[in-house]
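The values are calculated or read from the model by the stated rules, or taken from the named source; none is laboratory data. What you see is a predicted model, and the numbers here were worked out from it, not measured in a lab. Here the Cβ positions follow ideal geometry from the backbone for every residue, glycine too, while neighbour counts run over all protein chains shown.
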Amino acid sequence: MEEQEPCATMPVLGNKAPEFEAPTTMGPIKLSDYIGKWVVLFSHPADFTPVCTTEFMAFSAVAGELEALNVQLIGLSIDSVHSHLAWVRNVQEKMGVTIPFPIIADLNMKVAKAYGMIHPGQSDTATIRTVFFIDPEGIMRAMLYYPLSNGRYIPEIIRLVKSLQTTDRYGVATPANWQPGDKVVVPSPKNAKEMARRLDEGYECRDWYLCFKEI
């Protein structure tokens, strides 16, 4: 019987995100440094690679928008700080883009392994393209995983941050294809009494279990 490759250890939604302390292009950081802020932690396979370069340029373009949403961007790959710094300088000189957020140098793969960023079916020595959404309490709220070959769609990352923040602020859910400003979904009734009065509460209801409202 063919031996199966070991599965990556994955974080769990709703649990504390794995704590880490790591060197970066902006000095050493710990995840707990960012309590009170949202964190978008993302990995890339390697410095000086074409798809990763386009992604870092795209992330840099929206860094100010994410900062306004109280989000700290943090990148990561299994490269050294010196490699990161050389790549950051190259992107600035050749592409005219300044990368304004820290990039973790994870040579010992400690952070990558804690976050399930290494998938042997893709590579034993490079991280796949992951994105982790960690809330101001340090709780893992969402995760995205992409293969080495395909770059991320950055507007979806911003949309998901706004969706999570809307959920927290108003105690609602967001429907499929939701965009900021769209109607949100009212939580389902918890009992028969709530169900009976649902249609009289002023919501836009398709039925007792599916109601929308504006915020």
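Would you mind stating whether Gly14 is under 16 Å from the mean Cα position of the chain (by Cα), touching a residue at least 24 places away in the same chain (Cβ under 8 Å) and not assigned by TED's automatic domain parsing to the domain that holds Tyr146? It is true that Gly14 is under 16 Å from the mean Cα position of the chain (by Cα), touching a residue at least 24 places away in the same chain (Cβ under 8 Å) and not assigned by TED's automatic domain parsing to the domain that holds Tyr146.
Do the conditions hold for Asp124, that is, is it surrounded by 14 or more Cβ atoms within 10 Å (Cβ to Cβ) and either in the same structural domain as Val184 (by TED's automatic domain parsing) or charged (D, E, K, R) (or both)?
Criteria not met by Asp124.
Within the stretch 76-89, is there a residue that is without any contact (Cβ under 8 Å) to a residue 40 or more places away in the chain, part of a loop (DSSP other than H, G, I, E, B), surrounded by fewer than 20 Cβ atoms within 10 Å (Cβ to Cβ) and assigned by TED's automatic domain parsing to the domain that holds Gly36? Yes, because at least one residue in the stretch 76-89 is without any contact (Cβ under 8 Å) to a residue 40 or more places away in the chain, part of a loop (DSSP other than H, G, I, E, B), surrounded by fewer than 20 Cβ atoms within 10 Å (Cβ to Cβ) and assigned by TED's automatic domain parsing to the domain that holds Gly36.
Give the residue that is surrounded by the most Cβ atoms within 10 Å (Cβ to Cβ), with candidates limited to residues of the stretch 127-139 that are at negative phi and more than 9 Å from the chain's Cα centre (by Cα). Working first, answer last.
Restricting attention to the stretch 127-139, the residues satisfying the condition of being at negative phi are 127-137, 139.
Within this subset, residues satisfying the condition of being more than 9 Å from the chain's Cα centre (by Cα) are 127-129, 135-137, 139.
Values: Thr127: 27, Ile128: 22, Arg129: 22, Asp135: 17, Pro136: 14, Glu137: 10, Ile139: 13.
Here the residue is Thr127.
Against the condition modelled with pLDDT under 95 and either within 14 Å of the chain's Cα centre (by Cα) or crowded, with 17+ Cβ neighbours inside 10 Å (or both), how does Ile118 come out, does it pass? Against the criterion (modelled with pLDDT under 95 and either within 14 Å of the chain's Cα centre (by Cα) or crowded, with 17+ Cβ neighbours inside 10 Å (or both)), Ile118 qualifies. When every residue of the stretch 78-90 is checked against the conditions, none turns out to be at pLDDT 95 or above, closer than 21 Å to Val111 by Cα and in contact with a Gly (Cβ under 7 Å, 6 or more places away or on another chain). Within the stretch 51-66, does at least one residue satisfy the condition of being modelled with pLDDT of 95 or more, outside any helix (DSSP H, G or I), under 20 Å from Ala126 (Cβ atoms) and not hydroxyl-bearing (Ser, Thr, Tyr)? Within the stretch 51-66 (the criterion being modelled with pLDDT of 95 or more, outside any helix (DSSP H, G or I), under 20 Å from Ala126 (Cβ atoms) and not hydroxyl-bearing (Ser, Thr, Tyr)), the answer is no, since none of the residues qualifies.
Scoring Leu107 on the criteria (1) part of a helix (DSSP H, G or I); (2) surrounded by fewer than 19 Cβ atoms within 10 Å (Cβ to Cβ); (3) not aromatic (Phe, Trp, Tyr) leaves a single failure, condition (1). Scanning the stretch 144-185 for residues that are in contact (Cβ under 8 Å) with a residue 24 or more places away in the chain, part of a helix (DSSP H, G or I), of a type in the set (Val, Ile, Thr) and more than 28 Å from Ile118 (Cα to Cα) turns up just one, Thr166.
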